[in-house]
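Have a look at the structure below before the remarks.
The values are calculated or read from the model by the stated rules, or taken from the named source; none is laboratory data. Just so we're clear, the structure is a prediction, and the values are computed from it rather than from any experiment. Neighbour counts are summed over all protein chains in view; Cβ atoms, including those assigned to glycine, are modelled from backbone coordinates with ideal geometry. We work out accessible area using only protein heavy atoms, side chains counted, and drop any ligands, DNA or RNA first. Shrake-Rupley method; radii C 1.70, N 1.55, O 1.52, S 1.80 Å.
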Amino acid sequence: MKPWPVVGHQWAVQGLRQAVVRDEIPHALLITGPASVGKHTLAHQLVAAMLCQADNDKPCGTCLACRKLRSGNHPDYLVVEPEGATARLKIDQIRPVERFLALTPKEATRKVVLISDFERATIGAANALLKTLEEPPSYAHLILLATDADLLLSTIVSRSQQIVLRPLPSRLVAEALVSEWLVEPGLAERLARISGGRMGWAVRAATHAETYERMQSTLELLVAILGQDLPTRFETAKALASKSDGLAETLETWLTFWRDVLLLHSHNDAALMHVEHRRTLEAVVGATDVRRTVQVLSALEHAQLALLSNANRQLLVEGLLLDMPEIAAA
Ligand SMILES: [Zn+2]
């Protein structure tokens, strides 16, 4: 059998392939996991397998359905996603789902809807989808992607079959970068470690230098903030909050830095992500204790959630920055 081009998550791949062969694909599937861990890649393979016209070894990649899907023209497939990096998923985007599913399939035996970033759905949008989930037509399949089931309505989670994708071992990420993306082994190892097991991030960083550079400058900004007094931090917060997007990514990067601080506090250096910033990390470890580090980590996680629920960005960033310890030596 031709393998699906998915790095890692093989238990999920096996389960979904069997479900396709046995025609036992759930009407509602919820794939969760951190950003860039591989949710889209897995979902796209599943959709292709569900629509492929070959007799077996789906998706074949060459039949008319596979080609139509690849060019974005399959009439029985609908993708719904927020209109922008930080935008909410609105009720007006969910309404067409119901209309799409109300008509029987045109070419395949099923109709498939993929809804991405569902943690960003408004309550109205989530409730609208719930109605569809309650009585789906026999040919209808919904695939929801979200970072965390805890951010969704429990009624939606309970009506879906959930697949939880976890970060991959960094060895697996490094091997795939070398064999599939022809990255030089030393660089592959470094990117794999920094990726935190998120294959999509590692590939982006390997193919677009700015992904890696953006992470480095985000870390440098954090270090600069730690050395700033309160009035300067207010100014920094204002500038940061006014940037239209990238704030979610900034928070995620800062979390990885503070997780490293926590690892060093517990003398667990093997799992360290930002080895090249070790001196800075050690300065922060010397100026904080575990309690304070955990406080900063939970403040960052809190800010991530607040960002999803449309909180005032300026207040959110100010609160976060004023909460960070002041470390002159950082
Ligand atoms: Zn095919």
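Worth pointing out:
- Region 16-36, residues that are closer than 25 Å to VAL203 by Cα and modelled with pLDDT of 95 or more: LEU16, ARG17, LEU30, ILE31, THR32, GLY33
- So PRO34, is it out of contact with any strand residue (DSSP E or B) (no Cβ under 6 Å at 6 or more places or on another chain) and either within 14 Å of the ligand (Cβ to nearest atom) or not assigned by TED's automatic domain parsing to the domain that holds SER160 (or both): no
- Neighbours by Cβ (under 8 Å, 6+ apart or cross-chain): first from region 143-154, touching a residue at least 24 places away in the same chain (Cβ under 8 Å) and part of a strand (DSSP E or B); second open to solvent by 50 Å² or more (accessible area, probe 1.4 Å) and not acidic (Asp, Glu): LEU145/HIS40
- Test for ARG17: is it outside the structural domain of ASP245 (by TED's automatic domain parsing), within 16 Å of the ligand (Cβ to nearest atom), free of Cβ contacts under 8 Å to residues at least 24 places away in the same chain and of a type in the set (Lys, Arg): no
- Matching residues, region 274-315, being modelled with pLDDT of 90 or more and not in a helix (DSSP H, G or I): HIS274, THR288, ASP289
- Candidate set from region 48-58 (those that are without any contact (Cβ under 8 Å) to a residue 24 or more places away in the chain and under 27 Å from the mean Cα position of the chain (by Cα)); member that is nearest to GLN14 (Cα to Cα): ALA48
- Hits in region 189-211 - residues which are within 17 Å of PRO34 (Cα to Cα) and open to solvent by 40 Å² or more (accessible area, probe 1.4 Å): ARG193, ARG204
- Lone unmet requirement of (1) open to solvent by 70 Å² or more (accessible area, probe 1.4 Å); (2) touching a Phe, Trp or Tyr at 6+ places or on another chain (Cβ under 6 Å) for ALA270: (2)
- Region 91-124 - residue that is small (Gly, Ala, Ser) and assigned to a helix (DSSP H, G or I) and, of those, least open to solvent (accessible area, probe 1.4 Å): GLY124
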